[in-house]
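Student: One structure follows; several queries about it will come next.
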Amino acid sequence: MKSVIIGTAGHIDHGKTALVKALTGIDADRLEEEKRRGITIDIGFAHLELPGPDGEVLRLGFVDVPGHERFVRNMLAGIGGIDLVLLVIAADEGIKPQTREHFDICRLLGVRSGITVLTKSDLVDRETLEVVRLEVEDFLRGSFLENPGADKPTTPIMPVSSLTGAGIDELKRALVAAAVEIPTKNPNLLARLPIDRVFTIRGFGTVVTGTLVSGRIAKEGELEVFPAGKRVRVRGVQVHGKPAEEASAGQRTALNLAGIATDELARGMTIAPPATFRSTSRMDVSLSLLPSAKPLKDRARVHFHAYTSETIATISLYGSKEIPPGQSTFAHLRLAEPVLLLPGDRFIIRQFSPVVTIGGGVVLDASPLARRPHAEEILVFLKTIAKGSPEQILLARLSRRKQAGLKLAEAVAEMNLPMATVCSLASRLKESGELRICGQEVLLSKVWFEKASENVAAAVKGFHDKNPLVAGIGKEELRNKTKLGPEAFYTVLDNLVNIRKLEATGELVHLPGRGVVMKDEEAASKKVIEDAFASAGLKAPALKDVLAGLKVDKTRAQKIVTLLLREKVLVKISEELVFHREALENLRRQLATEKAKSPRMDVARFKDLTGVSRKYAIPLLEYLDREHVTKRAGDERLIL
Ligand SMILES: Nc1nc2c(ncn2[C@@H]2O[C@H](COP(=O)(O)OP(=O)(O)OP(=O)(O)O)[C@@H](O)[C@H]2O)c(=O)[nH]1
Ligand SMILES: [Mg+2]
């Protein structure tokens with residue numbers, strides 16, 4: 001069943017609420033005060049099901065808005081999610097200030113479909129009706145409601161009388177024709193429900209309502225309330241007043257929520273899937289000023305309205321000191337309170353005082369970088385976002401994150417696209433070589449992947465230069481130096497190893513063929529140390545004595561020893577004692593021969609066998625125990 005949301009618009013007392021009632025039988029004025037005063041104060045709702053041309057049922061949801069100039073902010077809370085507008089003009093009054101203001105708002109919000117209705121046709125004669133029609137045609141010229149030619153059968157100007165019912169059936173037919181033309185919404189987008197009402201139903205608890213602007217919300221689903229960030233569970237769903245398993249984009253939706261109290265919710269908050277989006281108080285936008293507005297200065301403060309939210313925004317214009325009336329520009333907005341908005345969302349701005357609608361625009365980027373690049377760089381980026389293909393937009397979003405890249409899930413939230421769409425964009429760009437997918441989830445642009453590769457290779461070279469006596473740099477140490485995320489780092493590293501720019505030996509990364517580079521005197525010292533221990537056998541000299549006789553300084557001597565230990569040429573068996581590897585191997589062979597004579601060995605026999613003093617014998621035997629060559633048994637050892 002197709003659902004379409006229809007909003008009313010028009011001057012006070014022009015018959016909007018009466019028209020909705022004539023169409024649906026429902027009085028959308030629900031407040032006692034509205035009924036008493038005979039005016040609409042807040043938005044009201046009604047619905048109607050009509051058969052479509054192919055027998056399919058069309059579900060029409062109505063959002064009836066107040067016409068009073070003091071309640072335009074309430075009108076704005078209702079008009080944000082509509083598909084189609086009924087522009088209501090009383091035939092006996094013609095175009096009035098809120099006719100203009102509401103119509104401006106519809107245009108700024110990008111409403112593309114609608115019907116102009118001349119109400120109270122019963123109050124005027126035919127000539128007057130004709131005069132009003134001409135006036136209205138003139139008013140609508142050049143707009144999406146321009147009087148129909150043959151190619152625009154869905155935007156007629158229709159006279160009706162809600163009192164007599166004249167023209168109502170024709171209007172219903174025109175509504176069906178227009179509703180059929182409304183494009184079906186992409187059901188795969190992530191759900192967003194801007195809240196327009198919050199109340200408690202006894203026995204049910206907290207209920208919120210709104211027009212579901214995208215996605216679906218199902219019973220038992222878990223959701224998050226923005227900007228509060230609170231998690232809630234959906235206990236029940238109603239669509240157009242009837243219980244349902246799920247609500248989908250374009251439906252008037254009521255949710256019974258668990259896990260939250262009524263006073264934690266308010267109009268202007270948004271419900272969306274958990275752990276996906278972030279609310280923001282800074283955004284880059286394309287901003288248009290109405291021809292009727294005064295020039296808008298840089299740094300101006302305005303009232304900001306988007307969907308059901310309302311706050312105050314400070315406008316920073318990019319590259320100019322003011323916007324002239326009727327012009328558009330890129331701007332940065334700083335909001336007094338955070339909201340959840342995404343690229344493509346429309347908003348309205350109203351002058352701070354006196355409060356009148358002066359313009360509006362579209363969100364281009366709701367995730368601006370914390371460290372703002374230069375204005376020129378931002379402008380290039382925003383032009384791509386405003387005009388580029390989805391591929392160009394994804395690339396621009398990756399590139400600005402430099403070597404940090406963007407996770408797939410972040411791209412989904414930043415771009416407001418379904419995951420499947422982002423994945424297929426990414427794989428197309430991967431095939432054409434314009435991006436790299438690291439660790440299956442982080443996207444890096446080609447340029448930044450290459451820069452990251454250069455940085456990693458340079459860091460390894462830098463390490464070798466500084467540490468000629470160390471075989472290579474540990475992987476995590478290298479990652480810390482290059483400040484890359486793990487996914488990007490390991491993909492870059494694997495790639496560098498594959499193309500033989502680097503080698504990895506275990507945990508160590510080094511340049512190909514580059515082990516340890518030594519200067520002549522270091523190499524000589526290394527040989528001196530090695531020889532000293534090799535010739536001493538088990539009667540190894542004290543390390544400090546050997547080092548004292550070297551030509552190199554103490555730190556370098558220590559590094560050479562570390563290297564000899566790492567290469568396992570020397571073996572340290574206790575804090576003081578270091579032996580040459582061969583001496584210890586000889587000892588093992590000797591013990592194997594001794595075992596044949598007798599497996600038992602006490603310290604005395606060991607001293608006889610090796611010729612070492614007790615000072616060496618004990619640590620050596622303990623070392624052999626650790627190595628499982630011998631095993632202690634009382635005062636003796638068993639040769640194993
Ligand atoms: N004769 C006649 N009176 C109408 C018609 N439509 C509305 N009215 C009357 O005009 C008055 C205002 O109608 P509403 O429907 O409340 O007007 P509205 O546009 O909803 O007003 P706000 O919501 O306050 O902006 C009411 O007294 C209606 O009975 C019509 O077609 N013919
Ligand atoms: Mg009304």
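Values quoted throughout were computed directly from the atomic coordinates according to the rules given, and no laboratory measurement underlies them. This one's a predicted model, so the numbers in the text were calculated from it and none came from an experiment. Here the Cβ is made from the backbone with ideal geometry for all residues, glycine too, and neighbour counts use every protein chain on show.
Student: For a quick check: with amide H placed at 1.01 Å from N, whose amide H comes under 5 Å from residue 47's, ignoring anything fewer than 5 positions away on the same chain?
Tutor: The list, which skips near neighbours in sequence, is 62.
Student: Work out, step by step, the length gained on full extension between residue 476 and residue 441: first 0.36 nm times the residue separation, then minus their alpha carbon distance; give nm to one decimal.
Tutor: 10.6 nm
Student: Here's a follow-up. Arrange 26, 385 by Cβ neighbour counts within 10 Å, fewest through most, would you?
Tutor: 26, 385
Student: Further, regarding this structure: Compute the acute angle (0 to 90°) between the alpha-carbon long axis of helix 581-597 and the principal axis of greatest extent of the alpha-carbon atoms of the chain; round to the nearest 10°.
Tutor: In the chain, helix 581-597 runs at an angle near 60 degrees to the longest axis.
Student: Where the centroid of each part is defined by its Cα atoms, how far is segment 213-271 from segment 584-640 in Å?
Tutor: Centre-to-centre distance over Cα atoms comes out at 78 Å.
Student: Round to the nearest 0.05 the FRET efficiency obtained for residue 608 and residue 465 when R0 = 35 Å and r is the Cβ-Cβ distance.
Tutor: 0.10
Student: State, to one decimal in nm, how far the label point of residue 235 lies from the label point of residue 281, with both points 7 Å from Cα in the Cβ direction.
Tutor: My value for the distance between the label points is 3.3 nm.
Student: Do any trypsin sites (Lys or Arg not before Pro) in segment 349-433 lie in a DSSP loop with no more than 15 other beta carbon atoms within 10 Å, and if so, which?
Tutor: 371
Student: While we're on this one: Using the Cα gyration tensor of segment 275-381, with a ≥ b ≥ c the square roots of its eigenvalues, what is the shape: rounded (a/c below 1.5), prolate (a/b larger than b/c) or oblate (neither)?
Tutor: Verdict is oblate for segment 275-381.
Student: Between residue 594 and residue 32, what length in nm is gained on full extension when 0.36 nm per residue of separation is reduced by their alpha carbon distance? Display every interim value, and only then the final one.
Tutor: On the way: separation 562, 0.36 × 562 = 202.32 nm, distance 10.82 nm.
Result for the pair: 191.5 nm of gain on full extension.
Student: Could you check the simple spin-label distance between residue 626 and residue 69, using points 7 Å along Cα→Cβ, in nm with one decimal?
Tutor: Those two pseudo-labels are separated by 9.1 nm.
Student: Could you list 415, 1 in order of exposure, starting from the residue whose Cβ has the fewest other Cβ atoms within 10 Å?
Tutor: Taking fewest neighbouring Cβ atoms as first place, the list is 1, 415.
Student: Once both labels are modelled 7 Å past Cα along the beta-carbon direction, what's the residue 146-residue 499 spacing in nm?
Tutor: Distance between label points: 5.4 nm.
Student: Then there is this: In straight Cα distance, which aspartates and glutamates are under 19 Å from residue 172, not counting same-chain residues fewer than 8 positions off?
Tutor: Answer for residue 172, where 19 Å is the Cα cut-off: 27, 49, 54, 56, 64, 83, 122, 181, listed by chain and number.
Student: Given a cut-off of 30 Å, name the pairs among 551/572; 544/568; 35/185; 383/446; 568/615; 230/481 whose C-alpha atoms lie farther apart than that in the structure shown.
Tutor: From the list (551/572; 544/568; 35/185; 383/446; 568/615; 230/481), the Cα-Cα distance tops 30 Å for 35/185; 230/481.
Student: Could you give the angle, 0 to 90 degrees to the nearest 10, between helix 97-108's Cα long axis and the longest principal axis of the Cα atoms of the chain?
Tutor: Between the helix axis and the principal axis of the chain, the angle is about 30 degrees.
Student: Given the options 396, 31, 183, identify the residue whose Cα lies farthest towards the positive end of the charge dipole of the chain (+1 on Cβ of Lys, Arg; -1 on Cβ of Asp, Glu).
Tutor: Farthest towards the positive end: 396.
Student: For residue 511 and residue 576, FRET efficiency with R0 = 41 Å and r from the beta-carbon atoms, rounded to 0.05?
Tutor: Values: r = 37 Å, r/R0 = 0.89.
Taking R0 as 41 Å, the efficiency between residue 576 and residue 511 is 0.65.
Student: Still on this structure, please answer the following. Would you list 569, 111, 117, 456 from fewest to most Cβ contacts within 10 Å?
Tutor: Numbers: 569 16, 111 21, 117 29, 456 25.
Placing the least packed residue first, the sequence is 569, 111, 456, 117.
Student: Turning to a different aspect of this structure: Roughly how big is segment 560-640's charge dipole about its Cα centre, with Cβ charges of +1 (Lys, Arg) and -1 (Asp, Glu), in debye to the nearest 20?
Tutor: Once rounded to the nearest 20, the dipole reads 180 debye.
Student: Rounded, prolate or oblate, given the Cα gyration tensor of segment 195-241, with a/c below 1.5 counting as rounded?
Tutor: rounded
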